[in-house]
1. Which one is surrounded by the most Cβ atoms within 10 Å (Cβ to Cβ), of the residues in segment 17-41 that are more than 12 Å from the chain's Cα centre (by Cα) and not in a helix (DSSP H, G or I)?
2. Looking only at residues in segment 17-53 that are charged (D, E, K, R) and touching a residue at least 24 places away in the same chain (Cβ under 8 Å), which one is farthest from Glu68 (Cα to Cα)?
3. So Asp14 passes all but one of these: (1) in a helix (DSSP H, G or I); (2) farther than 20 Å from Arg65 by Cβ. Which condition number does it fail?
4. Are any residues in segment 45-73 part of a helix (DSSP H, G or I) and at pLDDT below 80, and if so, which ones?
5. Given the condition in contact with a helix residue (DSSP H, G or I) (Cβ under 6 Å, 6 or more places away or on another chain) and polar (S, T, N, Q), answer yes or no: does some residue in segment 20-40 qualify?
Amino acid sequence: MELEVVSYIYIDVDGIIEENFLSAKSSDKAIKEAIHSYACGLDDCDYYAIGEKEVNKIFAEIRKRIGEQTSLF
């Protein structure tokens, strides 16, 4: 038997950015730590739905909103 389950989880991207003081100068590591911290605060059933693929999508959206780090050198 196969079941296809489709669910939607609202991710407060702006909240992640604000609560972790993320900016264009934030490292990739800092952004991923902020995402994992946010995901840990979700309900268990929602938390387990956030895998590496979803983390990468959230990461890309955060980077898009805060911009890429630019080097002055």
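The values are calculated or read from the model by the stated rules, or taken from the named source; none is laboratory data. Keep in mind it's a predicted model, so treat the numbers as computed, not measured. As a convention, Cβ positions derive from the backbone with ideal geometry for all residues, glycine included, and neighbour counts pool all protein chains shown.
1. Of all residues in segment 17-41, those more than 12 Å from the chain's Cα centre (by Cα) come to 18-19, 21, 23-27, 41.
Still in the list and also not in a helix (DSSP H, G or I): 21, 23-27, 41.
Numbers: Phe21: 9, Ser23: 11, Ala24: 11, Lys25: 10, Ser26: 19, Ser27: 10, Gly41: 8.
Ranking the qualifying residues of segment 17-41, first place goes to Ser26.
2. Residues of segment 17-53 charged (D, E, K, R): 18-19, 25, 28-29, 32-33, 43-44, 46, 52-53.
Subset that is touching a residue at least 24 places away in the same chain (Cβ under 8 Å): 25, 28, 32, 46.
Values: Lys25: 8, Asp28: 10, Lys32: 14, Asp46: 29 Å.
Filtering first and then ranking leaves Asp46.
3. All conditions are met except number (2).
4. Step one: list which residues in segment 45-73 are part of a helix (DSSP H, G or I), which gives 45-47, 52-66.
Residues satisfying the conditions are Cys45, Asp46, Tyr47.
5. yes
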